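Working notes for the structure below.
Bear in mind these aren't lab numbers, they're just calculated from the coordinates by the rules spelled out. Everything numeric here is computed off the predicted structure, so don't read it as measured data. Positions of Cβ are backbone-derived with ideal geometry, glycine not excepted, and every protein chain shown enters the neighbour counts.
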């Protein structure tokens with residue numbers, strides 16, 4: 001754990017000077033699809049498929065600033081855990097080039113694989129004590145559907161983005177992206193596997209822009 | 001043999017011929033009817049047998065299909081549940097679909113191909129393909145792994161849309177060329193576990209079902225007709241093509257009929273062809289199971305039966321001939337007898353008629369003779385009487401001669417009376433006597449005759465009682481009525497005894513007048529026919545007559561429509577009764 005903590009620190013430190021010196025902020029709200037199920041804990045959500053469309057339940061959106069940004073030398077490692085035969089988190093936005101580990105907390109075999117165009121991989125069958133923890137580097141932007149060959153119902157999503165500026169809204173759709181570089185960009189809101197909204201934004205240093213996605 | 005016998009025998013023979021002809025017609029009709037019915041039954045039976053055979057064939061086919069379907073459905077459901085299949089389809093990784101399924105379906109394709117006779121029993125697939133969401137075939141990256149298939153054959157696997165249920169189809173493996181095999185394909189939908197939608201379909205191809213050789217001894221050919229082409233390997237190519245045309249026509253004419261049969265000629269031999277839709281309601285092109293059965297067996301059976309029934313008919317006819325012969329004999333015996341009897345009757349009648357004619361002739365002759373004789377007699381008697389009367393007129397004879405002459409004269413009078421009677425009788429016998437009926441006063445007539453009677457010289461001493469009213473009228477001719485009364489009264493006097501009695505009574509009732517004349521006399525013995533002509537008393541006496549009187553009186557009474565009869569003759573009393581028809585409405589009714 002200490003090691004992981006150190007890694008975290010080393011990943012965040014290079015970003016800090018930019019954020020502090022000159023940065024813009026975007027905040028607002030994404031109109032999320034109505035959830036028909038009873039509200040649950042914000043942290044516990046899962047991927048559902050409706051008519052071939054994958055989305056989170058309860059609905060969440062990923063808001064990100066699209067653009068061309070210099071690729072960093074290294075990126076912090078991310079994790080998608082298998083717990084109680086679900087992926088946690090069910091939806092993980094990562095920057096291109098991120099390595100994601102798939103540790104298992106279930107006392108059973110899992111076989112994580114993906115046939116998605118953005119990333120095809122097959123981790124094979126492994127148990128929780130498998131070391132090193134099976135992992136994949138996601139080097140192509142796009143949506144990756146995670147599946148388990150053994151547990152057909154399991155679904156997870158990894159949204160691979162070209163940008164370091166992204167965040168998940170809360171369940172009511174509110175977001176706040178800060179430390180953004182000034183300039184003309186497109187702000188996008190990923191809502192489900194087939195719906196991504198976008199708005200052009202003109203960011204100025206020290207300014208906070210309010211953008212709502214209807 | 002004489003002519004009537006010959007004619008009679010001819011009649012009997014013709015009767016027999018007619019009877020036999022009738023029986024022959026009936027037997028022939030029955031035989032024909034029997035043949036017709038038997039033929040129909042045999043044909044129907046044969047068709048039913050073949051139909052049953054066909055159904056059995058189909059049901060075994062059906063069983064196998066069920067087995068395959070169930071197995072494949074399970075397999076596909078399992079397959080559809082596989083994450084990798086889903087992933088491949090849903091995540092647009094079609095290239096990974098076949099490799100993913102390869103593992104799952106490996107056992108289906110693996111292993112040695114079983115020998116043809118066991119192909120039906122195994123689930124050994126020869127190929128499989130997936131359909132995409134439009135129903136088109138997904139191209140396999142490595143056809144070797146999924147069973148190679150010609151481009152045309154592969155195209156036949158495509159459906160217009162993804163099926164919701166299992167679909168059976170038949171594809172020609174080498175389409176367009178004869179002798180190419182037919183593969184049975186089963187399309188099974190793959191449902192998304194997430195959405196429940198049909199996301200794809202698995203199409204598995206099998207070696208076509210080879211109908212087992214039946215052990216029922218029925219030589220049968222079976223095949224499949226699909227896409228307008230018949231696949232019946234045991235048939236020559238040319239026959240296959242022409243038969244295919246016929247099936248196409250039959251199917252086109254009755255598109256709603258899933259099954260039917262019709263007769264065809266293959267190589268000049270009659271056959272019964274059954275067809276049945278193998279994949280009703282399928283999205284694949286319609287395919288039909290075809291079974292062709294030779295009808296030679298049933299034809300032979302029919303032929304045999306024809307012979308049997310024909311033979312039975314002939315036997316029946318023969319039996320009928322014998323029976324009709326016997327029956328004719330039996331029947332003709334009475335007919336013969338009848339004919340004989342009638343012949344005898346006729347002869348008898350002819351004889352009787354001849355005798356009757358002779359009798360009539362003789363009678364007529366005798367009547368004529370007696371009439372002639374009477375006339376011939378009358379003239380000499382008249383001459384005689386006139387002579388005696390002239391002699392009596394002379395006065396120069398001795399008194400005893402006068403007495404003698406008067407006696408002779410009396411005899412000539414009697415002779416004249418007899419001749420008159422005979423003349424009258426002969427006229428009656430000849431039927432020449434006509435009665436001119438007028439009312440005649442019978443009472444007056446009787447009185448006159450009684451007066452005359454009393455005046456007669458030789459009247460015996462008899463007492464006469466009269467009991468009749470005056471003015472009794474009868475219908476008749478006075479002359480003859482008078483003759484009747486005279487006869488009876490004369491008899492009553494003549495046959496009386498001295499000191500005897502005569503009683504004359506008469507009365508009228510509604511229709512007739514009854515006159516009764518009784519007298520004391522000797523009893524007439526019973527059985528003595530006193531009314532017979534020229535009757536003579538059995539006991540000779542002085543008072544015997546010439547035996548015509550009573551006969552004449554009765555004939556006259558009958559001629560008048562009346563009757564004369566002897567009422568009684570006993571205890572010194574003899575009584576006669578005459579009934580005259582009464583004159584209309586003039587008599588006092590007693």
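The residues of region B:422-452 that are within 20 Å of residue B:506 (Cβ to Cβ) and assigned to a helix (DSSP H, G or I), listed by number, are B:442, B:443, B:444, B:445, B:446, B:447, B:448, B:449, B:450, B:451, B:452. For region A:126-151, taking the residues that are closer than 28 Å to residue A:65 by Cβ and not in a strand (DSSP E or B), the one that is nearest to the other protein chains (Cβ to nearest Cβ) is identified as A:140. Only residues that are buried (at least 16 other Cβ atoms within 10 Å of the Cβ) and either more than 14 Å from chain A (Cβ to nearest Cβ) or more than 25 Å from residue A:125 (Cα to Cα) (or both) were counted in region B:70-91, giving 3.
Among the residues of region A:166-179, is any touching a strand residue (DSSP E or B) at 6+ places or on another chain (Cβ under 6 Å) and either within 11 Å of another protein chain (Cβ to nearest Cβ) or under 22 Å from residue B:91 (Cβ atoms) (or both)? For region A:166-179, residues touching a strand residue (DSSP E or B) at 6+ places or on another chain (Cβ under 6 Å) and either within 11 Å of another protein chain (Cβ to nearest Cβ) or under 22 Å from residue B:91 (Cβ atoms) (or both): absent.
Report yes if residue B:46 is assigned to a helix (DSSP H, G or I) and touching a helix residue (DSSP H, G or I) at 6+ places or on another chain (Cβ under 7 Å), otherwise no. Taking the combined requirement at face value, the residue satisfies it. Annotation: of all residues in region A:152-164 being within 20 Å of residue A:86 (Cβ to Cβ) and buried (at least 18 other Cβ atoms within 10 Å of the Cβ), the one that is nearest to the other protein chains (Cβ to nearest Cβ) is A:152. Looking at B:272, B:278, B:232, B:283, just one residue is farther than 22 Å from residue B:185 by Cα, surrounded by 14 or more Cβ atoms within 10 Å (Cβ to Cβ) and touching a residue at least 60 places away in the same chain (Cβ under 8 Å), and that residue is B:272.
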